[in-house]
1. Could you tell me the calculated FRET efficiency between Ala484 and Lys205, based on Cβ-Cβ distance and R0 = 35 angstrom, to the nearest 0.05?
2. When a/c reaches 1.5 or more, the comparison of a/b and b/c decides; with that in mind, is region 120-238 rounded, prolate or oblate per its Cα gyration tensor?
3. With bins 5 Å wide starting at 0, give me the P(r) of region 192-241 over every alpha carbon pair, in whole percents.
4. Can you give the charge dipole size of region 446-503 about its Cα centre, rounded to the nearest 20 debye, using +1 on the beta carbon of Lys and Arg and -1 on the beta carbon of Asp and Glu?
5. Among all cysteines in the chain, which have no other cysteine Cβ under 4.7 Å from their own Cβ?
6. Take the alpha-carbon centre of region 283-304, take the same for region 497-530, and report the distance between them in whole Å.
7. Could you work out the helix-only [θ] at 222 nm for the chain, with each DSSP H run of four or more residues adding -39,500 (n - 2.57) and the total divided by the number of residues, to the nearest 500 deg cm²/dmol?
8. Determine Rg/Rh for the chain; Rg is computed over alpha-carbon atoms and Rh is the Kirkwood hydrodynamic estimate from the same atoms.
Amino acid sequence: MITPDRIVPTTCPYCGVGCNLELHVKDDYIYRVTSPFDSVVNHGNLCVKGRFGYDFIYHKNRVTAPLIRKTPQVPGQRTQAFDLSEWREVSWDEALDATADRLVEIYRQDGPQAMAVYCCAKATNEDNYLLQKMYRALFRTNNVDHCTRLCHAGSVVALQQAIGSSAMSNTAAEVVESDVFIVTGSNTTENHPIIALQMKAAVEKYGAKMIVVDPRRMELCDFAALWLPLKPGTNVPVFTAMAHVIIKEGLVNRQFIDGRTEGYDEFARSVEKFTPEYAEMVSGVDRELIVQAARMYATAERGAIFWGMGISQLSHGTASALSLINLAFLTGHIGRAGTGLNPLRGQNNVQGASDMGAMPFHYPGYMAVDDPGNAAQWEAAWNIEPGGLSQKRGLTTTEILTNVRPGGVRALYIMGENPMMSEPNLNLTRHHMQQLEFLVAQDLFINESGAFADIFLPAVSWAEKDGTFTNTDRRVQLVRPAIAPRGMARPDWQILCDLALRIEARLGRPRSAGWDYRHPSEILQEVGGVAPEYRGVTYERIDKVGLQVPVWDDQHPGTPQLFTESFPRGRGKFHALEYTPIVEPPDNEYPFILTTGRVLEHWHGGTMTRHSRLDDLYPEARLEMNPADASLAGIHDGQAVRVSSRRGTIVLRLTVTEKISAGVVFIPFHFAEAAANLLTIDALDAQAKIPEFKACAVQIEPASVEELARPEAQLSRGRY
Ligand code: SF4
């Protein structure tokens, strides 16, 4: 039995649930992870990632010294360098000086529009705040974004339009107080496992009814009262048909509609054509199931909706999320315990990175960049001359890359993200990355994007630094250092402060924006000085239990439920919607709809989990296909298949499963050797600019095992 030198409480670095961890450390080595049974978030439960997925910290490929590429890179001919022999180890001074020199040179030559940055939903609030501050305060650009654009941008825009606030309205664990809840576009068991446990408890212990609306027959369906297997991209007709039934059968909450909303009459007229029969025709869902779901949700005392990226990752992702919001307004299922509109945020700190202004349209606190009053407040906070901040809305993640060209974006800074895995249409992304004049990567490993960089800055993991994460239900929690930084790696916030000082000096700015923080707690204090929702959050107050923002002052207890009395925009706004089909429907040449997503053992672009023993548990991408389709195609379980879209081709093994509906296939997007995003389409939602990851047309043919990039990697354990 090992006796730990210390047990360090902290927060999980993977998904948005934000489970509380205890890192057991002996001789500066983490050898075990547990969780306190009294944790308000996870009650001692952890999934496989939180429990065992910390070993990436010690992986041999981790970069622990600053690196500069040996071969100077030329726009248009930029290459990837994964091997350390292609890089030169340098001192921090040399790396930061070279970075500052080149960034300032390009800024002077091409101006603010040439500068762009990817912040990081895995990094802390403090890291994200500083990086967006660096680009806004020093380079006067709002070309600042992160992967929220790729997951819930549609939900964020819809919630802002209808409510004026874009976070989860309720606390996830409140699901046990719901009578009925809808789960849609979310494989919660694999993506938010601890919330899935709470959902199952709600059904089994507390008698709630669960309605699953999803093209895949996921594990949660075993617990559901109803499963509506819709075709990808048909959310609007299905949920609007539910609204049609609720209105037609007089199940609306008239008091709530009259007292709290606007636009009902126009909305009610707009849903007349969305009959269950029409919805069945376009979605494939039996009309009776739509009617039953509508009655079940509308007649509940407390009804909640939880959704994932099956709602938002569409070229009409905003409309898709609005169709859910309309349902909550019709029934008054919002503003009380066990109700609410709950977009399940993906990464550990995607909510926090968004709160911190790591987006092109908002300063921290969702203060619009094109509002002069907001700009003036941040100019004062950052000691910038009046009118100094750009009030021009910036480019989104995908737009940053598509604008890489002379006269457009020339220099890109990537902190912890991996667009070469997470963007759609990766062959095009590769082309854009190659055109960059200068690329900096700040990360733990040289991933598919960092391999294109000129300079690599080694950051520490979450277990080596202080900071805060804000989880999916808005709870700000502490991250604490358990071990010393590996090698020369440094916390992101320290790297950014040292770099910002160098940039500021080279720009000759007469006044410093302030980069002399002694501890991340001072950074969070600066955030709360302007962003009102964080005003009452201090490290002292969240030492034991996190606080749910908004926390309006240092006495405020936090906000488990939003919108109890009113909405930030005043009245909730109904939206009349039209059904817009997916951009690339199947046809004779490409007869299947591909939908993409995650698996339990892996995380996003795989930078962490593919450097972990988790990769042994799930070592290869698999194509999921319905038995009827496999039989027609003459292919069998375990066989290698070639999947092609109009944009690319990958080869991977097949899993034949009833879990997926006929005509639809699924591929997880974590695996570089069979990258699903080589296939996906880069069509964007016009408002949210989120790509249509959830639907594109593909063809499938038999392939040989020799065509697999890693034939030796074979998934041996069964799935749900
Ligand atoms: S459910 Fe999410 S937060 Fe909890 S242990 Fe798993 S990955 Fe970590």
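1. Working: r = 44 Å, r/R0 = 1.25.
E(calc), rounded to 0.05, equals 0.20.
2. It comes out prolate by the Cα gyration axes.
3. P(r) for region 192-241, in whole percents per bin: 5, 20, 25, 22, 16, 10, 2.
4. 220
5. Cys15, Cys47, Cys119, Cys120, Cys147, Cys151, Cys221, Cys497, Cys696
6. Computed from Cα coordinates, the inter-centre distance equals 52 Å.
7. Computed mean residue ellipticity for the chain: -8000 deg cm²/dmol.
8. Ratio value, two decimals: 0.95.
The values are calculated or read from the model by the stated rules, or taken from the named source; none is laboratory data. Please read these numbers as outputs of a predicted model, since none were measured by experiment. Note: ideal-geometry Cβ built from the backbone for every residue, glycine included; neighbour counts use all protein chains shown. The area values use the complete protein model at the heavy-atom level, side chains included, leaving out ligands, DNA and RNA. Shrake-Rupley method; radii C 1.70, N 1.55, O 1.52, S 1.80 Å.
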